[in-house]
1. Name the strands (runs of 3 or more DSSP E) wholly inside segment 1-113 in which the number of residues that are at pLDDT below 80 is 1 or more.
2. Among (1) at negative phi; (2) over 13 Å from the mean Cα position of the chain (by Cα); (3) surrounded by fewer than 17 Cβ atoms within 10 Å (Cβ to Cβ), there is one condition ASP153 misses while meeting the rest; what is its number?
3. Could you tell me whether any residue of segment 71-89 is touching a residue at least 12 places away in the same chain (Cβ under 8 Å), closer than 19 Å to LYS157 by Cα and either among the aliphatic types (A, V, I, L, M) or open to solvent by 40 Å² or more (accessible area, probe 1.4 Å) (or both)?
4. Kindly evaluate ILE68 against the criterion of being open to solvent by 20 Å² or more (accessible area, probe 1.4 Å) and under 18 Å from GLU38 (Cβ atoms).
5. Hey, among LYS213, LYS187, LYS157, which residue is without any contact (Cβ under 8 Å) to a residue 12 or more places away in the chain and of a type outside the set (Asp, Glu)?
6. Can you confirm whether LYS58 is in contact with a helix residue (DSSP H, G or I) (Cβ under 7 Å, 6 or more places away or on another chain) and of a type in the set (D, E, K, R)?
7. Could you please find all residues in segment 179-226 being outside any strand (DSSP E or B) and in contact with an Asp or Glu (Cβ under 7 Å, 6 or more places away or on another chain)?
Amino acid sequence: MKKILLFPIFFFILLFFLAVGYLITIGYETNGFNSILEQKITSNEPNIKVNLDKIKIKLDIKKISFFITTSQPNIEYHNTKIDINKIDAYANLKSLFSGEPKIDKVYISADKTKIGQIQKVVKYFKPSSSKKFFLNNIKKGEISYNLDLTFEDNQIKDYEINGFVKNLYAKLQNINLNNTSFIYSIKSNLGEIDNIRGFVNGFQINSGLINFKNTNNLEINGEIKS
């Protein structure tokens, strides 16, 4: 009798762990949310075009939360293609099924994107010291990034971006950077550039660190070592 009772219990436990493992590693693929998310992304921005191919629902075991993910989305802003590897969006599943998704967190990642391509998009952003600096002081290079967006009532509340840059040519006040690489981390009002390697004002450097604050005026300080 005990063996008869233990078998279905064991079966359901096994089925549960298999389902959890499947949602963590592979995810449940669905097309049911494509049009809803595309409309949500474009509802407040008429100049953006989005075409999501495949969407998966996965489980983040660390956060004990479900999220939706899509790879290689087709996104254009003012007719400029934005190359993105993956988008993960943490949303209330009940809100998704209701057709009015409430998004809490969004993670966007991209590899080896030309800075010139990003500048074509940034030029349409609202005026700011960061925008002016990015458009006027950075000449060329390649950037990889991971962008974390925090939402409140489906509006961006905070952000953080980090990644690395290669083959950068730029001018920071009286500093000229040529063929330079570094890793970076930027938040809404401050940032850090570390492990700088390349040429600064014609001199080769092997390490360097720059901190900056984005207040009313852009404040920059740090040190460079040859």
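The values are calculated or read from the model by the stated rules, or taken from the named source; none is laboratory data. Quick caveat, the model's predicted, so the values are computed rather than measured. Neighbour counts are summed over all protein chains in view; Cβ atoms, including those assigned to glycine, are modelled from backbone coordinates with ideal geometry. When the accessible area is computed, the model is the full protein with side chains, heavy atoms only, and any ligands, DNA or RNA have been set aside. Shrake-Rupley method; radii C 1.70, N 1.55, O 1.52, S 1.80 Å.
1. Per the criteria, 28-30, 55-60, 65-71, 86-91.
2. It is condition (1) that ASP153 fails.
3. Yes; the residues of segment 71-89 include at least one that is touching a residue at least 12 places away in the same chain (Cβ under 8 Å), closer than 19 Å to LYS157 by Cα and either among the aliphatic types (A, V, I, L, M) or open to solvent by 40 Å² or more (accessible area, probe 1.4 Å) (or both).
4. Judged against the criteria, ILE68 is not a match.
5. It is LYS157.
6. Spelling it out, LYS58 is indeed in contact with a helix residue (DSSP H, G or I) (Cβ under 7 Å, 6 or more places away or on another chain) and of a type in the set (D, E, K, R).
7. SER188
Conditions tested, residue by residue: (1) modelled with pLDDT under 90; (2) part of a helix (DSSP H, G or I); (3) in contact with a helix residue (DSSP H, G or I) (Cβ under 9 Å, 6 or more places away or on another chain).
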position: LYS131; (1), (2), (3): yes, yes, yes
position: ASN146; (1), (2), (3): no, no, no
position: GLU160; (1), (2), (3): yes, no, no
position: LEU177; (1), (2), (3): yes, no, no
